[in-house]
Amino acid sequence: MLSPREIIEGYHGRPLRVMEVCGTHTHEIFRLGIRSLLPQSIELISGPGCPVCVTPTGYIDEAMFLAQECGVTICTFGDLIRVPGSEGSLATARATGAAIRPVYSPLDAVDLAAAEPERQFVFLAVGFETTVPAVCLALRKASSLGLRNFAILGANKTMPQAYLALKGSADAFLYPGHVHAILGTELCERLVHEGISGVLAGFTANELLTALAIIVLRSQEGKPFFENCYPRVVRPEGNLAAQKLIDEWMEPCDAEWRGLGRIPSSGLRLRPPFADFDARLKFHVPPITGRPNPACRCGDVLQGKLRPDQCPLFGKVCTPLHPVGACMVSNEGSCSAFFQYAQR
Ligand code: SF4
């Protein structure tokens, strides 16, 4: 019986395009050297699975408005601080006196707000289904403490509609294991009926090689397929407690994705009873249309239309130290992954 590695290395059939939807998969595949095992007939392309990367420029501008015009303290995961907005980043705003506080969790932001009741705090809520439960827990804590100086700037996104928007961009998806630990597997099974193939993958070398080998084998059957190659974490029903928590606080809304545009029902916003926690309403944030750097090709990279090193700015003007676009900033970004690993 052939090992997953032998199945992959021995594949010389029709070209197979496999999209890693998850930024952590992109990095792990590079870090573990899996790309170097692939025959020419298998191409890996990176998708929109990095939450910082898909957050549009206008969202950074909104955060800048809150920090600079409203004087609130912005609490955020570190990556977002260096993402360029239309005019500078939160890092440049901080250099000119804006209050920007990196946090490791939304709950940290609630603790900061509780400790300084005279200041207003806004947490930048970006991320997929994986991150949303922690945001809801933070909101629940802020509510139970009766905090009136805590709010979120919402830009959470959900994957189901994005998969449909990406239909046709690859022969199979490497589905993000962490997202489906929350969602379960039913969606992936339904997507098979839409003609979309994919495999749920974990993050170890063995799990990734197994998932790729399954894609190689099942693709030869000539019909759409799905397999859960991460059963130790992803159960068919997902995490019911997390789903209930999300549903209690959030409702679906249309969302703007960098590169993919506006996708109906692909985002989450606070339900009306919790509008007091909505920073846009609380601080009257005006509609802001971001102006991304026109030379940056993040949009094409996120759709798998362009390899990062095919961007004219890659490695020259745009590096992790001086990022021009979001995909070079985040640890999960594909431009950052290519810069760290592909050049070795
Ligand atoms: S290399 Fe830089 S400029 Fe080019 S697409 Fe990536 S982030 Fe944008």
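The values are calculated or read from the model by the stated rules, or taken from the named source; none is laboratory data. All values reported here derive from a predicted model rather than from experimental measurement. Here the Cβ positions follow ideal geometry from the backbone for every residue, glycine too, while neighbour counts run over all protein chains shown.
Being surrounded by fewer than 18 Cβ atoms within 10 Å (Cβ to Cβ), touching a Phe, Trp or Tyr at 6+ places or on another chain (Cβ under 8 Å) and part of a helix (DSSP H, G or I) is the filter here; which residues of region 36-60 pass it?
none
Output the number of residues of region 79-113 satisfying the condition of being free of Cβ contacts under 8 Å to residues at least 40 places away in the same chain and in a loop (DSSP other than H, G, I, E, B).
Summing the residues that are free of Cβ contacts under 8 Å to residues at least 40 places away in the same chain and in a loop (DSSP other than H, G, I, E, B) in region 79-113 gives 9.
So is Gly259 at pLDDT below 95, closer than 30 Å to Val122 by Cβ, in a loop (DSSP other than H, G, I, E, B) and not aliphatic (A, V, I, L, M) or not?
Yes, satisfied.
Can you tell me which residues in region 330-340 are over 13 Å from the mean Cα position of the chain (by Cα) and either more than 7 Å from the ligand (Cβ to nearest atom) or in a loop (DSSP other than H, G, I, E, B) (or both)?
The answer is Ser336, Ala337, Phe338, Phe339, Gln340.
Report whether or not Phe65 is touching a residue at least 40 places away in the same chain (Cβ under 8 Å) and either more than 24 Å from Asp300 (Cα to Cα) or part of a loop (DSSP other than H, G, I, E, B) (or both).
yes
Of all residues in region 318-329, which are within 7 Å of the ligand (Cβ to nearest atom) and among the aliphatic types (A, V, I, L, M)?
Selection gives Val324, Ala326, Met328.
Out of curiosity, is Gly304 within 10 Å of the ligand (Cβ to nearest atom), crowded, with 18+ Cβ neighbours inside 10 Å and at pLDDT below 90?
no
What number of residues within region 207-248 satisfy the criterion of being of a type in the set (D, E, K, R) and either in contact with a Phe, Trp or Tyr (Cβ under 9 Å, 6 or more places away or on another chain) or over 26 Å from Leu37 (Cα atoms) (or both)?
7
Say we look at region 212-254 and pick out the residues that are farther than 24 Å from His193 by Cα and of a type in the set (Gly, Ala, Ser); which of these is surrounded by the fewest Cβ atoms within 10 Å (Cβ to Cβ)?
Ala241
Report, by residue number, each residue of region 307-317 that is near the ligand (Cβ under 7 Å from one of its atoms) and assigned to a helix (DSSP H, G or I).
Passing the criteria: only Pro308.
For Asp276, only one of the following conditions fails: (1) of a type outside the set (S, T, N, Q); (2) farther than 19 Å from Gly325 by Cα; (3) at pLDDT below 95. What is its number?
Failing condition for Asp276: (3).
Among the residues of region 279-299, what is the count of those that are in contact with a Gly (Cβ under 7 Å, 6 or more places away or on another chain) and within 16 Å of the ligand (Cβ to nearest atom)?
Final tally of qualifying residues: 5.
Please enumerate the residues belonging to region 219-241 that are free of Cβ contacts under 8 Å to residues at least 24 places away in the same chain and not small (Gly, Ala, Ser).
Hits for region 219-241 are Glu221, Lys223, Pro231, Leu240.
Give me the residue from region 1-27 that is closer than 27 Å to Cys53 by Cβ and surrounded by fewer than 20 Cβ atoms within 10 Å (Cβ to Cβ) and, out of that set, nearest to the chain's Cα centre (by Cα).
My answer is Thr24.
Out of curiosity, is Ser144 surrounded by fewer than 20 Cβ atoms within 10 Å (Cβ to Cβ), among the polar types (S, T, N, Q) and closer than 30 Å to Ala67 by Cα?
yes
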